[in-house]
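The values are calculated or read from the model by the stated rules, or taken from the named source; none is laboratory data. The structure presented is a predicted model; accordingly, all values stated were derived computationally and were not measured. We place every Cβ from the backbone using ideal geometry, glycine too, and count neighbours over all the protein chains shown. Each accessible area value is taken on the protein alone, full model and side chains, heavy atoms only, with ligands, DNA and RNA left out. Shrake-Rupley method; radii C 1.70, N 1.55, O 1.52, S 1.80 Å.
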Amino acid sequence: GTGGPGTIGAIRVGRQGTGELNVEDGSKVYGLFLDVGRGSPTAGEADGVGTVNIDGTNSAIHLSSAYGRFTDAATIGEAAFTRFGREDGGKGYLNITNGGLLQVVNVDQETDAPALRFGRNDGAKGYGLVSGAGSTINVIQ
């Protein structure tokens, strides 16, 4: 999703369930943050299993504060970020193949550093595969 100042451009895949996002054939996805595979059985939530596939030249996910801003007290001032696997029942998978791109950028120089996280909490699992010529992850301050 995209958003303007004062909004959150959030993309959630596999939150308390199973989900998949496929970006292919030159498609682009834009947002502030990407949360993949989140769930906590110890907190009474279902497991979360999420998969993101970015396949092919010019296929990309771009995360940036240009597409939203965090507005709650706990996250205000944070830059764009993505995480794969959060909470004790979260499993997140990232597959970038055949020239795909994941880019996390701080464009305003006012917020904290952008981040890419795998397996954020105890029991969470995050997996990443980058394969094929031109397949790239960029995290840029």
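Of note:
- Short to long, the 5 Å bins of the Cα pair-distance histogram for the chain hold 3, 12, 19, 21, 22, 15, 7, 2, 0 percent of all pairs.
- Ordering of 38-47, 79-88, 100-109 by packing [mean C-beta count within 10 Å, highest first]: 79-88, 100-109, 38-47
- Residue-normalised accessible area of the chain, given per residue in Å² at a 1.4 Å probe: 47 Å²
- Vicinal HN-Hα couplings computed from phi for the range 15-31 (Karplus, 6.51 cos²θ - 1.76 cosθ + 1.60; Hz; Gly/Pro x): 8, 6, x, 10, x, 9, 10, 10, 10, 8, 6, x, 5, 10, 10, 10, x
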